[in-house]
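*Asks:* Have a look at this one before I ask anything.
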Protein chains: 2
Amino acid sequence: MKTFTLKLITIMLVLLLGACASQVKPQIVADPLPSWNAGTSKNQIMAFVSRISDPDSSDFVPVSKRIATFDNDGTLWAEQPAYFQLFFILDRIKALAPANPEWATTQPYRAVLENDMDALHASGEHGLIKLAMAAHGGVTVTEFATIVEDWMATARHPTTGMAYNSMVYQPMLELLDYLRANEFKVFIVSGGGVEFMRPWTEAVYGIPPDQVVGSSMETRYEIRDGKPVILRLPEIHFIDDKDTKPLAINRFIGQRPILAFGNSDGDFEMLEWTTAGDGPRLGLFVHHTDAEREWAYDRDSSIGGLSRGLDEATEHGWVIVDMARDWSVIYPYQMEK
Amino acid sequence: MKTFTLKLITIMLVLLLGACASQVKPQIVADPLPSWNAGTSKNQIMAFVSRISDPDSSDFVPVSKRIATFDNDGTLWAEQPAYFQLFFILDRIKALAPANPEWATTQPYRAVLENDMDALHASGEHGLIKLAMAAHGGVTVTEFATIVEDWMATARHPTTGMAYNSMVYQPMLELLDYLRANEFKVFIVSGGGVEFMRPWTEAVYGIPPDQVVGSSMETRYEIRDGKPVILRLPEIHFIDDKDTKPLAINRFIGQRPILAFGNSDGDFEMLEWTTAGDGPRLGLFVHHTDAEREWAYDRDSSIGGLSRGLDEATEHGWVIVDMARDWSVIYPYQMEK
């Protein structure tokens with residue numbers, strides 16, 4: 001009887017301990033950045049996150065100030081042979097062509113419809129803006145979100161044949177998760193169109209619409225058939241690039257990040273603003289060095305050019321992430337192999 | 001010995017149970033809105049929150065779509081005898097006067113310095129904008145945040161003698177907490193200056209800077225003595241009022257709220273946009289009916305006028321919260337009595 005009682009009590013203790021243990025958060029012991037090769041970049045990231053989240057560290061940063069900003073094109077997803085939004089614009093012009101028969105004989109639309117890249121190039125920035133306005137304006141924000149979703153689900157990248165939003169960087173997905181696990185609030189601050197990103201960033205990056213900052217179109221509130229709509233006008237409201245990135249951070253986020261990650265000189269001022277603040281700060285650039293697995297480009301590239309950033313990174317204490325050296329995997333689909 | 005062992009085991013069990021219990025979140029059984037009197041308004045709010053958060057309800061809304069937007073002036077804090085930001089502007093003009101000796105003889109500044117309300121009124125909207133630009137521009141965003149913090153800590157309301165940010169509504173603080181407990185993400189969408197609100201909204205409302213949308217000034221990025229600054233220019237960038245509130249919601253939040261709460265016709269389109277969406281939606285107005293404990297005003301008020309909202313609330317299914325009837329307490333300090 002006594003033995004039985006003791007056994008019963010032991011079982012109860014074990015069950016209770018089990019119940020307690022299941023409520024205690026497990027310590028994360030696995031490598032939070034498995035696609036990052038051992039080395040300086042990974043060490044600097046992990047050392048920074050450790051010291052700002054350690055309450056006993058003099059560099060401790062309270063959760064409410066753990067703001068991180070990421071560029072998108074070339075930082076979270078690829079951007080070659082052209083910004084993915086350009087392919088969207090070209091596809092959208094083709095989709096709109098039947099309703100605009102005059103485009104068959106009018107540049108720059110004709111160039112797109114005939115896949116005449118020389119004529120398209122000859123139309124210059126002015127031509128490109130015309131195309132962008134036609135592709136992005138004239139619909140409600142609700143309609144535009146559906147257009148982007150449909151395109152993202154069906155369009156394929158010209159050289160890899162992959163869906164554009166599967167060409168995101170696995171090491172960056174791990175970094176986003178790692179930062180969130182350490183209670184960072186993570187934002188995108190991109191030159192890309194904000195309404196071109198929001199329909200899919202939550203599913204792909206875990207970043208909700210209100211944490212996506214980007215370029216935008218003018219809009220107008222209207223009542224149509226008794227129902228309110230927000231109409232996208234064929235007019236640029238804001239370009240989020242270079243020195244306007246810190247302005248957008250200030251306007252949308254309202255506090256200075258402690259970590260900023262970019263890949264081009266368009267991100268220079270974002271890193272500069274971020275790391276000029278008091279206390280611990282981290283600025284990082286992805287350096288596209290991997291011609292085999294991705295692309296290799298920097299100083300002379302018209303897409304994602306990185307020159308001043310390379311020249312001044314050391315002076316500012318910024319980390320240059322060397323894609324070929326630092327990343328063991330580029331895209332998520334390679335993890336399944 | 002046996003008794004001692006049993007006692008010891010009993011103590012261990014009690015300790016373990018205690019440890020377990022402290023890890024289990026207690027069920028909230030207390031009234032989450034104690035400062036709301038029983039009645040239709042409270043019932044409609046609680047019924048809405050219950051059915052959108054019940055996974056078995058056909059009205060269930062996933063957490064990522066539980067967006068709520070609140071006006072600030074007259075909805076979260078008081079706005080009489082004038083918007084509190086106007087008192088900030090007047091105080092700031094006085095503080096800047098020694099550095100601007102010509103103001104002693106120039107309108108509309110002279111009117112402020114001499115507390116000449118007739119002359120101030122005569123200067124009209126044009127005069128007010130001049131004052132606002134002088135009070136809000138010409139400093140960096142970092143400097144401006146400190147100016148607002150200092151003012152908020154020292155300035156006192158002309159009739160109540162209270163700090164302005166203690167004139168927030170206790171029932172609304174409870175509602176913000178209740179919504180967050182039900183996993184809403186809560187935003188301010190106010191005509192007030194965004195940088196006038198952000199320095200204190202987190203401490204007072206629990207709303208972080210990036211969840212505050214408001215009117216804003218033009219800004220410029222500059223390097224000063226080798227350090228980047230963001231300068232506030234004496235020029236309006238955006239006024240967040242009426243039909244631009246839905247545009248700001250779209251631009252900053254990127255999805256349509258399911259709940260919107262305002263108090264004036266400046267919030268009409270925010271409620272209209274919010275409640276015109278598919279699925280369950282809730283729109284609410286605070287109706288200032290309490291001349292004794294707060295103020296009573298609506299159709300004819302130049303501050304927080306509410307006329308069309310009252311006329312069309314029934315048609316839209318919006319809730320009119322009657323301050324005198326629905327709120328048992330106005331300000332938090334009254335809770336301590």
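What follows draws every value from the coordinates through simple rules; no lab data is involved. Worth saying up front: this structure is predicted, and the values here are computed from it rather than measured. No Cβ is skipped: glycine too gets one built from the backbone with ideal geometry, and neighbour counts run over all protein chains shown.
*Asks:* Given R₀ = 56 Å, FRET efficiency for residue A:308-residue B:296 by Cβ-Cβ distance, to 0.05?
*Replies:* Efficiency at R0 = 56 Å is approximately 0.40.
*Asks:* Same structure, new question: Please build a GNM for chain A, connecting alpha carbons under 10 Å apart, and tell me which residue among A:305, A:127, A:283 fluctuates the most.
*Replies:* Of A:305, A:127, A:283, the most mobile in the Gaussian network model is A:127.
*Asks:* Related question: Considering only C-alpha atoms, what is the centroid distance from region B:43-93 to region A:56-104, in Å?
*Replies:* The distance from the Cα centre of region B:43-93 to that of region A:56-104 comes to 31 Å.
*Asks:* At residue A:47, label 7 Å along Cα→Cβ: distances to the other copies, nm, ascending?
*Replies:* Distances between equivalent label points, in nm: 6.1.
*Asks:* List the aspartates and glutamates whose Cα lies under 19 Å from the Cα of residue A:65, skipping any in the same chain that are fewer than 8 positions away.
*Replies:* A:54, A:56, A:177, A:183, A:210, A:272, A:278, B:143, B:149, B:195, B:202, B:210
*Asks:* So who's got an amide H within less than 5 Å of the one on residue B:138, skipping anything under 5 residues away but keeping other chains? H placed 1.01 Å off N, in plane.
*Replies:* Amide H neighbours of residue B:138: B:232, B:233.
*Asks:* For residue A:187, list long-range residues whose amide hydrogen, built 1.01 Å from N in the peptide plane, is under 5 Å from its own amide hydrogen.
*Replies:* A:68, A:69, A:70
*Asks:* Roughly speaking, what is the stretch gain from residue B:225 to residue B:315, that is 0.36 nm per residue apart minus the C-alpha to C-alpha distance, in nm to one decimal?
*Replies:* On the way: separation 90, 0.36 × 90 = 32.40 nm, distance 5.91 nm.
So the chain would gain 26.5 nm between residue B:225 and residue B:315.
*Asks:* Moving on to the next point. Please give the Cα centre distance for region B:185-243 versus region A:222-275, rounded to the nearest Å.
*Replies:* 13
*Asks:* Further, regarding this structure: Would you work out the Kirkwood radius for the protein assembly as shown? I mean one over the mean of 1/r across all pairs of different Cα atoms, in Å. Please report the intermediate quantities before stating the final value.
*Replies:* Values: mean 1/r = 0.0356 Å⁻¹.
It works out to 28.1 Å.
*Asks:* Here's a follow-up. Considering only Cα-Cα distances, which of the following residue pairs are longer than 23 Å: A:185/A:245; A:245/B:94; B:94/B:130; A:245/B:242; A:245/B:185?
*Replies:* Values: A:185/A:245 17 Å; A:245/B:94 34 Å; B:94/B:130 14 Å; A:245/B:242 28 Å; A:245/B:185 25 Å.
Over 23 Å apart, Cα to Cα: A:245/B:94; A:245/B:242; A:245/B:185.
*Asks:* Moving to a separate point now. 7 Å from Cα along Cα→Cβ at both residue A:146 and residue B:177: what's the point-to-point distance in nm?
*Replies:* 4.3
*Asks:* Suppose only helical runs count, i.e. DSSP H with n ≥ 4. What mean residue ellipticity at 222 nm does that imply for chain B under -39500 (n - 2.57) per run, divided by all residues and rounded to the nearest 500 deg cm²/dmol? Let's see the in-between values first.
*Replies:* Details: 13 runs with 137 residues, N = 337.
When only DSSP H runs of four or more count, the value is -12000 deg cm²/dmol.
*Asks:* What's the exposure ranking of A:201, A:160, A:274, A:289, going from fewest to most Cβ atoms within 10 Å? Intermediate results must be reported in sequence, preceding the final value.
*Replies:* On the way: A:201 23, A:160 15, A:274 29, A:289 18.
Fewest-to-most Cβ neighbours within 10 Å comes out as A:160, A:289, A:201, A:274.
*Asks:* Could you give the alpha-carbon Rg of region B:141-199 over 2.2 N^0.38 Å, rounded to two decimals? Spell out each step's value before the answer.
*Replies:* Details: Rg = 13.9 Å, N = 59, 2.2 N^0.38 = 10.4 Å.
This ratio for region B:141-199 stands at 1.34.
*Asks:* OK, next. If r is the Cβ-Cβ distance from residue B:51 to residue B:204 and R0 is 35 Å, what FRET efficiency results, to the nearest 0.05? Please list the in-between numbers first.
*Replies:* On the way: r = 30 Å, r/R0 = 0.85.
It comes to 0.75.
*Asks:* If we count every other residue with Cβ under 11 angstrom of residue A:150's Cβ, Lys/Arg +1 and Asp/Glu -1, where does the sum land?
*Replies:* Residues close to residue A:150 contribute a combined charge of -2.
*Asks:* Exposure proxy check: A:57, B:216 ranked by fewest other beta carbons within 10 Å? Provide the component values of the computation, followed by the final result.
*Replies:* Values: A:57 12, B:216 20.
In order of increasing Cβ crowding within 10 Å: A:57, B:216.
*Asks:* What distance in nm lies between label points placed 7 Å from Cα along the C-beta direction at residue A:96 and residue A:325?
*Replies:* Here the modelled spin labels are 4.5 nm apart.
*Asks:* Which residue fluctuates most in the GNM of chain B (Cα springs below 10 Å): B:70, B:48, B:268?
*Replies:* The residue that fluctuates most here is B:48.
*Asks:* Beyond 13 Å, what share of the Cα-Cα pairs of region A:84-145 is found? Please give it as a whole percent.
*Replies:* Values: 1136 of 1891 pairs.
In whole percent, the long-distance tail amounts to 60.
*Asks:* Please figure out what share of the DSSP beta bridges in region A:245-329 is antiparallel and state it in percent, rounded to the nearest 5.
*Replies:* Around 10 percent antiparallel, to the nearest 5.
*Asks:* Which residue, B:98, B:234, B:34, has the most motion in a Gaussian network model of chain B that connects Cα atoms within less than 10 Å?
*Replies:* With Cα springs under 10 Å in chain B, the top fluctuation among B:98, B:234, B:34 is at B:98.
*Asks:* Now a separate question. To one decimal in nm, how far is residue A:63 from the same spot in the other copies, if labels go 7 Å from Cα toward Cβ? Please give the shortest first.
*Replies:* For residue A:63, the inter-copy label distances come out at 1.2 nm.
*Asks:* Just check chain A against the gyration tensor rule for me: Cα atoms, a ≥ b ≥ c as the square roots of the eigenvalues, rounded for a/c under 1.5, and otherwise prolate or oblate depending on whether a/b exceeds b/c. Can you show the working numbers first?
*Replies:* On the way: a/c = 2.05, a/b = 1.67, b/c = 1.23.
Here chain A falls in the prolate category.
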